[in-house]
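Data first, discussion second: the structure below is written as C-alpha cells.
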2 protein chains.
Amino acid sequence: MIAEIITIGDELLIGQVVDTNSAWLAEQLNLIGIRVKQISSLSDDREHILTGLKEAASRADLILITGGLGPTKDDITKHTLCEYFDTELIFHQATFENVQALFKLRGFPVTDLNRKQAEVPANCIPLSNSNGTAPGMWFEQDGCIYVSMPGVPFEMKTMVSNVVLPRLAKKYNSTFIIHKTILTQGVGESFLASTIESWEDQLPENLKLAYLPQPGIVRLRLTATGSDKLFVNKLLKLEQAKLQKLIPDLIFGYDDETLELVVGRLLKQKEKTLATAESCTGGYLAHLLTSIAGSSEYYKGSVIAYSNAVKVDLLGVSHQAIESEGAVSEMVVRQMAEGVRKKMDTDYALATSGIAGPDGGSEEKPVGTTWIALATPEKVIAKKFLFGEHRGRNIRKASLAALNMLRMELLEVPEKNAPASH
Amino acid sequence: MIAEIITIGDELLIGQVVDTNSAWLAEQLNLIGIRVKQISSLSDDREHILTGLKEAASRADLILITGGLGPTKDDITKHTLCEYFDTELIFHQATFENVQALFKLRGFPVTDLNRKQAEVPANCIPLSNSNGTAPGMWFEQDGCIYVSMPGVPFEMKTMVSNVVLPRLAKKYNSTFIIHKTILTQGVGESFLASTIESWEDQLPENLKLAYLPQPGIVRLRLTATGSDKLFVNKLLKLEQAKLQKLIPDLIFGYDDETLELVVGRLLKQKEKTLATAESCTGGYLAHLLTSIAGSSEYYKGSVIAYSNAVKVDLLGVSHQAIESEGAVSEMVVRQMAEGVRKKMDTDYALATSGIAGPDGGSEEKPVGTTWIALATPEKVIAKKFLFGEHRGRNIRKASLAALNMLRMELLEVPEKNAPASH
C-alpha cells in the first residue's frame with residue numbers, strides 16, 4: 001500500500017511553521033507497513049488543493065490530508081473536498097454534540113460559527129476529534145482512501161493514533177515493520193557507538209540500527225522486518241536483552257518512556273519520596289518531575305535557589321562554603337541536597353549547581369561545569385559534569401543527569417560506562 | 001515569480017528526518033518577494049523525481065531542489081537531471097579543485113568517488129559549495145530556473161545565501177512581501193477574532209491577517225505586499241499601532257520575542273526583583289524565567305510547594321486556610337505569593353495553585369481550575385482561571401498567564417479584554 005501526505009496551509013509556504021506533522025505521520029504509517037511516496041505542502045487555495053489531490057490519487061492508495069480546517073481558514077479543505085467529490089455539506093449531529101460538550105466544559109457559548117464546524121461532506125465518515133472542534137473525515141472513492149484531519153499536531157496525533165491507524169490496520173494485512181526504541185542517558189553518540197560496537201556488528205541482516213541523538217539522551221532505534229510477526233518480535237526481544245546486559249547503567253527505558261516517568265514509577269513502587277534543590281537547572285528538573293500525572297504522591301517540592309541568599313536562608317547552605325568554594329562546588333551542592341531533604345522531610349533529594357552560560361564561566365570553571373548531588377537516608381553522593389556551551393542544552397542535560405543518578409541508586413545499578421563529562 | 005521547493009530523500013518519507021530545509025528556503029525566498037506555491041518531498045527514485053520536476057515546472061518559474069546528491073545516494077538527483085534535460089555528465093575542473101582543496105584541509109586522500117563528484121550535467125552552471133564536495137547546479141530551460149543543491153542544511157544554507165539569492169535578486173525586480181508577527185496572551189483564537197473584528201475589517205487589500213494559535217498564546221501574522229518597500233513598511237507600522245491601541249493588555253511582544261524575555265527586560269529596566277511560589281505549575285514558571293540568560297539579575301528563586309506541608313513550612317501558608325478553603329483557593333494562593341515575597345525579600349512575587357489534571361477535579365473545582373496571585377510592594381492581586389483538561393497545556397497556560405499578570409502590572413496596563421477563563 002502506497003500513501004501520500006498533503007499538508008495545507010500558507011504558514012508552511014512562507015516558512016513560518018516547520019512541517020513536523022508529516023514526519024510523524026510517515027513514521028506511524030511505516031510502523032504498520034505502509035510506505036509513503038510523497039509529502040506535499042499546498043497553499044490555502046481551492047484550485048491548488050484540487051490539483052494536489054488529483055496528482056496524489058494518481059500515485060497512491062491512501063492520502064492523508066492535514067490542515068485547512070477551522071473557522072479562521074474558512075474551512076477551505078472541507079469546501080474543496082466537497083467540490084472534489086462532487087457532493088455537498090450536511091449537518092452532522094454527533095460532531096455538533098462533541099463541540100457543545102467541549103465548549104460547555106470550557107465555559108464558552110456555542111456560536112453559529114461552531115455550528116458550521118459540525119457540517120461535513122455528505123459522502124464522508126466523520127472521525128471524532130477528542131481534543132478540538134473540527135472533525136476528521138474519511139472518504140473512499142475509486143479504490144483510494146482520503147483522510148482529512150486538523151493541522152493542530154496535538155489534535156491530529158490523537159485522531160491518528162485512536163481512530164485512523166486502527167481503521168487502516170484492520171483494512172490491510174501487510175509485511176511487518178516493527179520498531180523498538182531504546183533510550184539511553186549519560187554518554188554521547190560516538191562514545192555509545194564504540195561501547196556497543198561488538199553488539200552492533202553481530203546484528204542479523206533484517207535488523208537495522210539507527211542513532212537518534214538529542215541533548216542528554218541518545219535514542220537507539222532497532223527496526224526489524226519480516227512476514228512472521230511472532231518471529232520478528234522474538235528477534236527484537238533477544239537483541240534488546242543482549243544490549244540491556246551490556247549497558248544497564250545507560251539504558252533507562254524504551255519507546256515513549258521518559259526518564260522522569262521511569263524515576264517516578266520507581267519511587268512509587270518503593271514508596272519513597274523526593275525533593276529537589278536547583279540552582280543552574282532553575283526549575284526544569286522540578287518541571288520534568290511534575291509533568292508526570294500523579295507525581296504529588298512521591299514528589300514534595302523544590303527550592304529554586306537562584307540567588308546565594310536563598311541558598312543560605314531556605315536551604316541552610318553555609319555562608320562560609322559559598323565564600324571559600326563558590327556556589328558551583330561540591331560542598332555547596334552537597335549542602336543543598338542535605339538541606340532540602342531535611343526541610344521537606346523526604347527519603348531522597350537531588351541538587352544542582354552549575355554555570356549554564358552563556359556568561360559566568362572562568363578558566364577554572366568554564367561554562368557547562370555542573371555539580372549534582374544526591375542525598376539518600378544513608379549518604380550524599382556528588383558528581384561533577386562538564387556539559388557544553390549552550391544554556392538551554394546545559395539545563396536539560398543537568399536535569400537528566402540528576403534523574404539518572406537517582407535511577408541508578410534506586411535500582412542499585414553499578415556505574416560502569418558513563419564518563420563524568422560528555 | 002512563483003517558486004516550488006522539492007526535497008529528495010527516503011529519510012524524509014520514513015519520518016526519520018523532519019524537513020527543516022523547506023521552511024528556511026521559503027522564508028528566504030519570501031524576503032526577496034518570491035512566493036512559494038508548493039513544497040514536495042520525493043523518494044530517491046528516478047521516475048518519481050522526473051514526474052515531480054514536470055509537475056512543478058507546470059506551476060512555477062523557479063524550482064529549488066535539495067538532496068539526493070552525494071556518493072551514498074548514487075547521485076540520483078544528478079543522473080535524473082541529466083535525463084530530464086536530455087544531456088550528459090561532463091567533468092568540471094573548478095569543482096574538482098574545490099574537492100581537492102577541501103580534502104587537503106581535512107587531511108583526507110582524494111578517491112575516484114570524489115572525482116565523480118566533480119561531474120555535472122553539461123547544460124548547467126555549477127555553483128560552488130564552500131562547505132562540502134557536492135556542487136550546486138543552476139539550469140534554465142523554457143523560462144524556468146532549476147537550482148539543485150545538497151541536502152545537508154549547513155551546506156545548502158551557505159550556498160543559498162552566498163550564491164543563489166544574489167543571482168535571483170539580480171535577475172528579477174520583485175514585489176516586497178513583509179511579515180510582522182504580533183504576539184498575544186490571555187484569550188483564545190475565537191475570542192481574539194471577535195475582539196479585533198472591526199480592525200480586521202478595515203485592513204487594506206494588500207495586508208493579510210493569519211491566526212497562529214499555540215497553547216496559551218495566539219500569534220497574529222500580518223503580511224503586506226507591494227512594490228515600494230518603504231510604503232509597505234509604513235503601512236505595517238500604522239496597522240500595528242492601531243491594533244496595539246485596541247488590545248494593549250493582550251499584546252506582549254513581536255516576532256521572535258517570548259513573554260519571559262519581555263517580563264525579564266521590564267524587571268531589569270525598572271531594577272525590580274521577582275520570586276515565585278508554584279504548586280500546579282511545578283517549576284515550569286521558574287524554568288521559563290531562568291531560560292533567559294542573565295535572569296539571575298532580577299530573579300531570586302522559587303519554592304515549588306507540591307505538598308501542603310511545604311506550603312505551610314516553607315511559605316508560611318496557614319493550616320487553617322488549606323483546611324477551610326482547600327489548596328486551590330484564593331486565600332492559599334495569596335498567602336503563597338506574600339510568603340515567598342517575604343522569604344526571598346523581592347519586590348514582586350507570583351504564585352500558582354491549580355488542578356493540572358488529569359485527576360483531582362471535582363464538580364466545584366474541575367480540572368483546569370487555577371488561582372494565580374501577584375504580590376507587589378503595595379498589594380496582592382488574585383485571579384481565577386479555568387483552563388482545559390490537559391496537564392501539559394494547563395501547566396503552560398498557567399505559567400504564561402502569571403507572567404502576563406506581572407507584565408500588565410509593570411506596564412500599568414488596565415485589563416479590559418481578557419476574560420478570567422479561556
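The values are calculated or read from the model by the stated rules, or taken from the named source; none is laboratory data. Worth saying up front: this structure is predicted, and the values here are computed from it rather than measured. All Cβ positions, glycine included, derive from the backbone under ideal geometry; neighbour counts span all protein chains shown.
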What number of residues within segment B:1-48 satisfy the criterion of being polar (S, T, N, Q), closer than 20 Å to B:His79 by Cβ and modelled with pLDDT of 90 or more?
3
Given the residues A:Lys311, A:Lys365, A:Lys379, A:Lys383, which is the only one that is among the basic types (Lys, Arg) and surrounded by fewer than 17 Cβ atoms within 10 Å (Cβ to Cβ)?
A:Lys379
Checking B:Thr352 against (1) buried (at least 24 other Cβ atoms within 10 Å of the Cβ); (2) part of a helix (DSSP H, G or I); (3) not basic (Lys, Arg), which single condition isn't satisfied?
(2)
What are the residues in segment B:18-34 that are surrounded by fewer than 21 Cβ atoms within 10 Å (Cβ to Cβ) and either more than 7 Å from every other protein chain (Cβ to nearest Cβ) or among the aromatic types (Phe, Trp, Tyr) (or both), if any?
B:Trp24, B:Gln28, B:Leu31, B:Ile32, B:Gly33
Listing of helices (runs of 4 or more DSSP H) fully contained in segment B:220-312 that carry 3 or more residues being facing another protein chain (nearest Cβ under 10 Å) and free of Cβ contacts under 8 Å to residues at least 24 places away in the same chain:
B:284-290
If you go through segment A:94-127, how many residues are farther than 29 Å from A:Leu50 by Cβ and away from chain B (no Cβ under 14 Å)?
2
Filter result (of a type outside the set (A, V, I, L, M, F, W, C) and within 14 Å of chain B (Cβ to nearest Cβ)) within segment A:128-160:
A:Asn129, A:Ser130, A:Asn131, A:Gly132, A:Thr133, A:Pro150, A:Gly151, A:Pro153, A:Glu155, A:Lys157, A:Thr158
Among the residues of segment A:208-232 satisfying the criterion of being more than 24 Å from the chain's Cα centre (by Cα) and of a type outside the set (Ser, Thr, Tyr), which is surrounded by the most Cβ atoms within 10 Å (Cβ to Cβ)?
A:Val232
Number of the condition not met by A:Met336 [criteria: (1) within 7 Å of chain B (Cβ to nearest Cβ); (2) surrounded by 21 or more Cβ atoms within 10 Å (Cβ to Cβ)]
(1)
Filter result for the condition that a residue is among the small types (Gly, Ala, Ser) and under 18 Å from A:Leu183 (Cα atoms), over A:Ala286, A:Ala224, A:Ala275
A:Ala224
Given (1) surrounded by fewer than 19 Cβ atoms within 10 Å (Cβ to Cβ); (2) more than 13 Å from chain A (Cβ to nearest Cβ); (3) more than 31 Å from the chain's Cα centre (by Cα), identify the lone condition not met by B:Ala57.
(3)
Looking at this structure, is A:Gln117 under 14 Å from A:Leu102 (Cβ atoms) and polar (S, T, N, Q)?
yes
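Yes/no matrix, rows are residues, columns are (1) aliphatic (A, V, I, L, M); (2) buried (at least 17 other Cβ atoms within 10 Å of the Cβ):
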| residue | (1), (2) |
| --- | --- |
| A:Thr87 | no, no |
| A:Ile90 | yes, no |
| A:Ala94 | yes, no |
| A:Glu97 | no, no |
| A:Gln100 | no, no |
| A:Lys104 | no, no |
| A:Val120 | yes, yes |
| A:Asn131 | no, yes |
| A:Gly143 | no, no |
